[in-house]
1. Can you tell me which residues in segment 35-51 are surrounded by 19 or more Cβ atoms within 10 Å (Cβ to Cβ) and assigned to a loop (DSSP other than H, G, I, E, B)?
2. Does residue 302 satisfy being over 18 Å from the mean Cα position of the chain (by Cα), buried (at least 17 other Cβ atoms within 10 Å of the Cβ) and assigned to a helix (DSSP H, G or I)?
3. Of a type in the set (Lys, Arg) and under 29 Å from residue 2 (Cβ atoms): is that true of residue 192 in this structure?
4. Anything in segment 127-136 that is within 14 Å of residue 174 (Cβ to Cβ) and buried (at least 20 other Cβ atoms within 10 Å of the Cβ)? List them, or say none.
5. Would you confirm whether any residue within segment 12-25 is in contact with a Gly (Cβ under 6 Å, 6 or more places away or on another chain), in a loop (DSSP other than H, G, I, E, B) and either closer than 30 Å to residue 131 by Cα or modelled with pLDDT under 95 (or both)?
6. Kindly establish whether residue 103 is more than 25 Å from residue 285 (Cβ to Cβ) and crowded, with 24+ Cβ neighbours inside 10 Å.
7. With (1) in a helix (DSSP H, G or I); (2) over 16 Å from the mean Cα position of the chain (by Cα); (3) over 16 Å from residue 42 (Cα atoms) as the list, and residue 115 as the residue in question, which single condition is left unmet?
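The values are calculated or read from the model by the stated rules, or taken from the named source; none is laboratory data. In this text, all values refer to a predicted model and were calculated from it rather than measured experimentally. Note that each Cβ is placed from the backbone with ideal geometry, even for glycine, and that neighbours are counted across all protein chains shown.
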Amino acid sequence: MTFYDLASLAKPLVTAPLAHAYLDFDADRRWQLGFHGREDPLTVRQMLSHSAGLPPWLPYTGEPLAAQLGRTRLPGDHPLLKKAEIGVSTYSDLGYRLIAELLEMELGLSWKQLGAATSGLSPAPWNEAPTPIPAGQDASAWAMAEPDLAYPEPDPHLPHDANARAGMIGHAGFGSSRRQLEISLQKWMAARWPDRMAVETAKDPDGDGWGLGLQRATSPYADLLARIPLGLSGVHIIESLSTELPLAMPSTPNATPAAAHFWQHLAYTGPALFMRLEDRCCIALLCHRAGPTGALLNLDQLRARRRQMLLSFPDKLDA
């Protein structure tokens, strides 16, 4: 049985459902979260749709995020350390950290306890270590943003993400086996959480839409998703343990991406989630981001691996 670090899939499967269940989306949280110098309101709705104007990532120091943002220089030339505009979606781990902090404040329980009880997924530290993933761009961003703060030592029983293993809640820190994820997704769909998340709320600079926990599926996966016929309700898990270097794959010709109507969430470690509300079709990809030598696949290679898995989906249905 292979165990997977689900990384950012904790956002739609753990943090967002808890926010939908327990938090006021439009209350101004500036004072509660210490953002006393912020001129605009800070809401859960903004944080769920990544439109709160928060940068993508900051090293986890344990201090209040507002204080860290106030003293940290964002160089802007690193993808994790760029500035963001309020009202425009910039994918950020920090908003989900703040949501988790709000949940703990208001419910008096830890985010991990809440998440494990409601999702059925396994919070770190894990008994069974997932496939190790080499350090990625968070290592270089850490050195740029906090040069005097030691980068966390890797631990096979803690999440790959340096922030998560250093203690940052909300955005990562849960894992599962294939069967465990299947059961969790069945519960997730039965509770109709994706219906609440798949509500377009803000757009990113490229015009792609974010909802309240899920993103509208676009390139490079929408053309393959558009080929999947309607009527395939239920949870479909596609698993790949391959370490072969995936080949670059061109887009499928004559596809109509707009016809896909899927929403998605992607995980840095490899797994991905796609959901179509029309027929309650949920597709989860379970893979890892290591290449044949154990090195980290770059983003294009990871996309190619996921596309190969999606391309196999109709064949798996016929099997």
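1. 35, 42, 43, 49, 50, 51
2. On the way: over 18 Å from the mean Cα position of the chain (by Cα): no; buried (at least 17 other Cβ atoms within 10 Å of the Cβ): yes; assigned to a helix (DSSP H, G or I): yes.
Here the answer is no, as residue 302 does not meet what is asked.
3. Spelling it out, it is not the case that residue 192 is of a type in the set (Lys, Arg) and under 29 Å from residue 2 (Cβ atoms).
4. If we filter segment 127-136 for residues that are within 14 Å of residue 174 (Cβ to Cβ), which is where we start, we get 127-128, 130.
The one that is within 14 Å of residue 174 (Cβ to Cβ) and buried (at least 20 other Cβ atoms within 10 Å of the Cβ): 130.
5. To start, the set of residues in segment 12-25 that are in contact with a Gly (Cβ under 6 Å, 6 or more places away or on another chain) comprises 12, 14-16.
Next, only the ones that are in a loop (DSSP other than H, G, I, E, B) stay: none.
No, segment 12-25 contains no residue that is in contact with a Gly (Cβ under 6 Å, 6 or more places away or on another chain), in a loop (DSSP other than H, G, I, E, B) and either closer than 30 Å to residue 131 by Cα or modelled with pLDDT under 95 (or both).
6. Values: more than 25 Å from residue 285 (Cβ to Cβ): yes; crowded, with 24+ Cβ neighbours inside 10 Å: yes.
For residue 103, the condition - more than 25 Å from residue 285 (Cβ to Cβ) and crowded, with 24+ Cβ neighbours inside 10 Å - is met.
7. (2)
Per-residue answers, yes or no, for (1) of a type outside the set (Asp, Glu); (2) at negative phi; (3) modelled with pLDDT under 95; (4) not in a helix (DSSP H, G or I):
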position: 86; (1), (2), (3), (4): yes, yes, no, yes
position: 98; (1), (2), (3), (4): yes, yes, no, no
position: 106; (1), (2), (3), (4): no, yes, no, no
position: 126; (1), (2), (3), (4): yes, yes, no, yes
position: 135; (1), (2), (3), (4): yes, yes, yes, yes
position: 140; (1), (2), (3), (4): yes, yes, yes, no
